[in-house]
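Take this structure first; my questions come after.
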Amino acid sequence: MLEMRPTCENCNKALPNDSDEAMVCTFECTFCTTCVETILHNVCPNCGGGFEKRPTRPVNCLTGNCVEKYPVGTRVVHKPIDKGTFQEVLEFLKKIDPRKR
Ligand SMILES: [Zn+2]
Ligand SMILES: [Zn+2]
């Protein structure tokens, strides 16, 4: 189950459950769409993988599985990228399709 982290790891922008801007990698590193598009170029600085849009946990509890029963995470991970360290990873990986990295 996704942790549903509350903020962008790079810029600390709030990314609540209903945000349309939350992007995650397979390790659930979480960034906003602006950082993913303009800074990360769809390369996760922690694992090198690509991002996909994070779904919203349902508020309607018809199935019993909803945000009321499984609340979103509150643990803030704020680790702004080190541009120097990231540059080498970025240059290598951004040319490779995320499905092939
Ligand atoms: Zn951001
Ligand atoms: Zn990652």
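The values are calculated or read from the model by the stated rules, or taken from the named source; none is laboratory data. All figures in this text were calculated on a predicted structure; none of them were measured in a lab. Here Cβ is always computed from backbone atoms with ideal geometry, including for glycine, and neighbour counts include all displayed protein chains. Accessible surface areas use protein heavy atoms only, side chains included; no ligands, DNA or RNA. Shrake-Rupley method; radii C 1.70, N 1.55, O 1.52, S 1.80 Å.
Could you go through the stretch 25-41 and let me know if any residue there is assigned to a loop (DSSP other than H, G, I, E, B) and away from ligand 2 (no atom under 13 Å from the Cβ).
Yes - at least one qualifying residue is present in the stretch 25-41.
What are the pairs with Cβ atoms under 7 angstrom where one residue, in the stretch 25-36, is open to solvent by less than 10 Å² (accessible area, probe 1.4 Å) and the other, located anywhere, is near ligand 1 (Cβ under 8 Å from one of its atoms) and among the basic types (Lys, Arg)? Sequence gap at least six, or different chains.
Pairs found: Cys32/Lys13.
Regarding Thr56, is this residue polar (S, T, N, Q), touching an Asp or Glu at 6+ places or on another chain (Cβ under 6 Å), in a loop (DSSP other than H, G, I, E, B) and in contact (Cβ under 8 Å) with a residue 24 or more places away in the chain?
Criteria met by Thr56.
Now a separate question. Restricting to the stretch 1-18, name every residue that is in contact with a Ser or Thr (Cβ under 8 Å, 6 or more places away or on another chain) and part of a loop (DSSP other than H, G, I, E, B).
Arg5, Pro6, Cys8, Glu9, Cys11, Lys13, Leu15, Asn17, Asp18
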